[in-house]
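One structure below.
Values in this text are rule-based calculations from the coordinates and carry no lab data. Keep in mind that this is a model prediction, so the values were computed, not measured. Cβ placement follows ideal geometry from the backbone for every residue including glycine, while neighbour counts extend to all protein chains displayed.
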Amino acid sequence: MLHYSCGAFNDSMSNGLYSFTNPAFVSFAGYSTAAVLKMFGIAAYTIGQRFRTKTFATPEDDVYKQLVSSLLGSESGLDGGSGARGRGRDCMNAVVERVRGNHLNDLENIIPFVLIGLFYVGTQPKYDCALWHYRLFLLSRLVHTIAYQVPLPQPTRTLSWLIGYATTISMALRVFKIIIY
Amino acid sequence: MLHYSCGAFNDSMSNGLYSFTNPAFVSFAGYSTAAVLKMFGIAAYTIGQRFRTKTFATPEDDVYKQLVSSLLGSESGLDGGSGARGRGRDCMNAVVERVRGNHLNDLENIIPFVLIGLFYVGTQPKYDCALWHYRLFLLSRLVHTIAYQVPLPQPTRTLSWLIGYATTISMALRVFKIIIY
Amino acid sequence: MLHYSCGAFNDSMSNGLYSFTNPAFVSFAGYSTAAVLKMFGIAAYTIGQRFRTKTFATPEDDVYKQLVSSLLGSESGLDGGSGARGRGRDCMNAVVERVRGNHLNDLENIIPFVLIGLFYVGTQPKYDCALWHYRLFLLSRLVHTIAYQVPLPQPTRTLSWLIGYATTISMALRVFKIIIY
């Protein structure tokens, strides 16, 4: 604690697996942040698609629908088909459901990657090996998003999901291996 | 390793960015835990709304519906409109869908905040700057929840979501900046 | 920084709460990784149920439906009842919705456990106490999954969920206690 209060803050704090002096942690932080921002991108894209198709989730969002209509001067276009399904809310537009499915899939895969990756960094993996895990995962999620939204013919989406899934499992297995031995 | 086994456990362990001797980490831990508990609050609120509207997710939950009915001595009230939509399950009640949408939005925003925040703490941000990021984020999510559940007129909900979203992106940009330079 | 560049990498890096020299962190890493992998198991199970009931999420997945049909040489079986609900897509099969609900519940509970647990480890809890938190949580989520998928009569599922929920809150309360005092 002494040298902590002596102005050597940075030095005493920066020695550790979980610090920006450890290249494996720096890479992990970068790729994880990029993957989470990719997920944030889908959130923004969802809003774009909601406006484009005038498909909103709650009654108070109807002000947005009126806004879009008054700006475009028309009720036509890619309207979410309100009422057609007798559900009261026009909240099941296929375009919007596609982005939402993509977002949920990101949550189900990117978050576990970051969490298991935090433990994986602690196992002191070889730098190259770790880096390729991160690269492969981020690439697989980018391909997955494109395959989901274009959409590309299957099994592109399934395979890209599988690669990210397998990458995370590979990291998890190393965590178990280090714990057990 | 020597001093680790010499009883100096606390001292050797508590020097680091990720420890409760680093005020930036302590604040982050507090605000993150509060944000996650807020999300847990929505989960509890969902159960309350399910009972109030007698809208349950699966057939085995029907014992709860019978329980509510026998307690209240009536089949009337805010019933989920079972069968009315011909979907077999009365699982799409608007009140319950509203809480569920809120919960999902929390997942999509609070979890990324905590994950990116973990890396952000590692970049050794100025304490004041970090603290204001955490405060703004937590406040924005509280306002978002209130705006979603009351509900308040738009764009209250959209704006409160946007502030939390921008806060997380601001933290992510600092992580990238530190990694690149 | 000196000894960091002197080949004593492992030693200087492995002293800390968040390292594999801290038994409480090792246990936490193991149980957390196991819980996240359990969630990954549900993802794989979802795919299995989609194939079994021929219920796919998007039009491009129809190639899989044709594949299943040609392999089984029949259109009968547990078909998702396409068109019966007039929603165009047969994406609301009860069996698949059950697995999806389970997956979402895992996201809502397992991720918060890992995040709050990361801070909890930093509070230096008694090893035994920490270990029982982790064990109880993992066990409760395993019982929850079985109760959800069999399905077992209620309140098995509700109680198992409640135990995991309470375990995470107990860890959060310790984080707050350490921060405040």
With the label set 7 Å along Cα→Cβ, A:T58 is separated from its counterparts in the other copies, in nm and shortest first, by 2.8, 2.8
Scalar couplings 3J(HN,Hα) for the range C:173-180 by Karplus 6.51 cos²θ - 1.76 cosθ + 1.60 (θ = phi - 60°), nearest whole Hz, x for Gly and Pro, are 5, 5, 4, 4, 4, 5, 5, 6
To the nearest 0.05, the calculated FRET efficiency linking A:A94 and B:V63 through their beta-carbon distance, R0 being 41 Å, is 0.70
Computed on Cα atoms, Rg of the range A:31-180 relative to 2.2 N^0.38 Å comes out at 1.33
Per residue of A:165-173, other chain Cβ atoms within 10 Å number on average 2
Note: A:23-34 gets an average of partner chain Cβ contacts (10 Å, Cβ to Cβ) equal to 4
The ³J(HN,Hα) series, computed from each phi in the range A:29-41 with the Karplus coefficients 6.51, -1.76 and 1.60 at θ = phi - 60°, rounded to the nearest Hz and given as x for glycine or proline, is 4, x, 5, 5, 4, 4, 5, 5, 5, 4, 5, 4, x
Partner shielding of A:135-145, taken as the mean number of other chain Cβ atoms within 10 Å, equals 0
Whole-percent tail of the Cα-Cα distance distribution for the range B:92-134, cut at 13 Å, equals 64 percent
Taking a crude spin-label model, label points 7 Å out from Cα along the C-beta direction, the B:D128 to C:R52 distance in nm is 6.0 nm
Whole-Å distance linking the alpha carbon centroid of the range A:118-181 with that of the range C:143-181 is 29 Å
If labels are modelled 7 Å from Cα along the Cβ direction, A:A44 lies from its partners in the other copies at nm distances, smallest first, of 3.6, 3.6
